Amino acid sequence: MSNRENYKAGFLGIIGQPNAGKSSLMNYLIREKISIVTSKPQTTRRRILGLHSETAGQVVFIDAPGIVKSTSGLNSFLQKEAEDVIRASDALMAVLSISEDSIERNQEIIDMVTKSRKPWFAVMTKTDLTDKAHRINLLRELIKKNGSSALAVSIKNTTDEDRKLILDECIKVLPKAEAPLYDTELFTTENVKSIVEEIIREKCFETLEFEVPYQLAVQTRKFDEDAKPCPKIFVDIIIGKETHKPIVIGKGAANIKKIGAEAREEIQKMMDVDKVYLELNVVVKNNWFENATAMKELKYVINTK
Ligand SMILES: Nc1nc2c(ncn2[C@@H]2O[C@H](COP(=O)(O)OP(=O)(O)OP(=O)(O)O)[C@@H](O)[C@H]2O)c(=O)[nH]1
Ligand SMILES: [Mg+2]
């Protein structure tokens, strides 16, 4: 590794409103789909680590849930998780979407990262949305006024130059380091099992409407990677109400089949195998999202290590 003296490495928290494009941005920067993305807010529930390594340094991205305010249940976990990501990070990237309804929502994020007293910079997202283009200058001014330069990105219309500009800024705000924090060949520290669970949750989020996806969790029951002739995965889709069961299954099992088919295809790609056996089982755990013990079992618990 050249230029050891200027080598940088550290944790960069990705902070923004729900649906701002945080996970999309991380996946784009690390060139791998690690964190799930859907059109619905509050997709990301717990922190997901993504790694970018180059000669100048190593960025350990921490993709966080969007900022929500709540004092109970799963939403309170989301809030604490995002706050804990801020605490655990060496520096922060504020992700500010030009499609945000009000400038105050972006100001709120800027205030949070400023208050942390950690080095930070901002990236404006969704700049391809031409009907919102008039907000770009306003947002740029706001970011400048708060002491950061404003990088801009559209993941629908990406360029290598944008990517490099953002990655350079990420490395700039990180502390000096002797060595990388993780193996430089890795894209993530997530294990295959949790990526599989997240892929299934993504397909549920995309397929199901209203409160159903928000009261749904995914838990692996059995994961036999070495099974022959192909890996075998048994997964529980946990729902909060008995009445959600027919919705998740769908007419003639249409929804569960769709979720299974889409998830299986993506899991096969991710695991780099021709075939996986995937069995989905719908399980009711009444109001699990309001129950601390049930949430803990599903790993929706702050892990401060
Ligand atoms: N048009 C457009 N859409 C984008 C862009 N970036 C993200 N999106 C879309 O915005 C939606 C939310 O993206 P995510 O990456 O899941 O957003 P997030 O901030 O991680 O959301 P949460 O995890 O729910 O907080 C998805 O439908 C994305 O496809 C962009 O640059 N342009
Ligand atoms: Mg996300």
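No value in this document is a laboratory result; all are computed from the given coordinates. These figures come from a predicted structure and were not determined experimentally. FYI the Cβ positions are ideal-geometry reconstructions off the backbone, even for glycines, and counts take in every protein chain you see.
By how many degrees, 0 to 90 and rounded to 10, does the Cα axis of helix 192-207 deviate from the longest principal axis of the chain?
Orientation of helix 192-207: about 80 degrees from the principal axis.
Would you mind computing Rg(Cα) / (2.2 N^0.38 Å) for the chain, counting N as its residues?
Output field value: 1.03.
With runs of 4+ DSSP H residues as the only contributors, calculate the mean residue ellipticity of the chain at 222 nm using -39,500 (n - 2.57) per run, divided by the residue total and rounded to the nearest 500.
After summing the helix terms and dividing by the residues of the chain, the value is -11000 deg cm²/dmol.
What list of whole percents do you get for P(r) of the range 192-297, with Cα-Cα distances grouped in 10 Å bins up to the one holding the largest distance?
15, 49, 29, 7, 0
Using the per-residue mean of other Cβ atoms lying within 10 Å as a proxy for protection, in what order, highest first, do the peptides 119-132, 19-32 fall?
19-32, 119-132
Need one number: nm distance between label points at residue 159 and residue 141, each 7 Å from Cα along Cα→Cβ, rounded to one decimal.
Placing both labels 7 Å beyond Cα along the Cβ direction yields 2.5 nm.
Starting from 0.36 nm per residue, how many nanometres of slack lie between residue 134 and residue 226 once their C-alpha separation is accounted for?
27.7 nm
Kindly put 89, 102 in sequence by how many other C-beta atoms sit within 10 Å of each C-beta, fewest to most.
Neighbour counts put them in this order, fewest first: 102, 89.
For the range 4-173, rounded, prolate or oblate, judged on the Cα gyration tensor with a ≥ b ≥ c (square roots of eigenvalues), a/c < 1.5 rounded, else prolate if a/b > b/c?
It comes out rounded by the Cα gyration axes.
Is there a quick way to get the dipole size of the range 185-292? I mean about its Cα centre, with the Cβ of Lys and Arg at +1 and of Asp and Glu at -1; what is the value in debye to the nearest 20?
Here the range 185-292 has a charge dipole of around 540 debye.
For the range 221-250 and the range 137-165, write down the distance between their C-alpha centroids in whole Å.
Rounded to whole Å, the Cα centres lie 41 Å apart.
A 25 angstrom limit on the alpha carbon distance is what I want to check against. Which of 33/258; 126/275; 40/257; 80/172 exceed it?
Distance filter (> 25 Å) returns 126/275; 80/172.
Amide H neighbours of residue 126 under 5 Å, counting only residues 5+ apart in sequence or on other chains, H built in-plane at 1.01 Å?
Distant-sequence amide H within range of residue 126: 153, 155.
Mean separation of Cα pairs under 8 Å and 6+ residues apart, divided by the residue count of the chain: what relative contact order is that in percent?
19
Of all DSSP beta bridges located in the chain, what percent are antiparallel, nearest 5?
35
For the chain, take the longest principal axis of its alpha carbons; what is the angle in degrees between that and the long axis of helix 254-271, to the nearest 10 within 0 to 90?
Orientation of helix 254-271: about 50 degrees from the principal axis.
Rg(Cα) of the range 256-305 divided by 2.2 N^0.38 Å?
That works out to 1.57 for the range 256-305.
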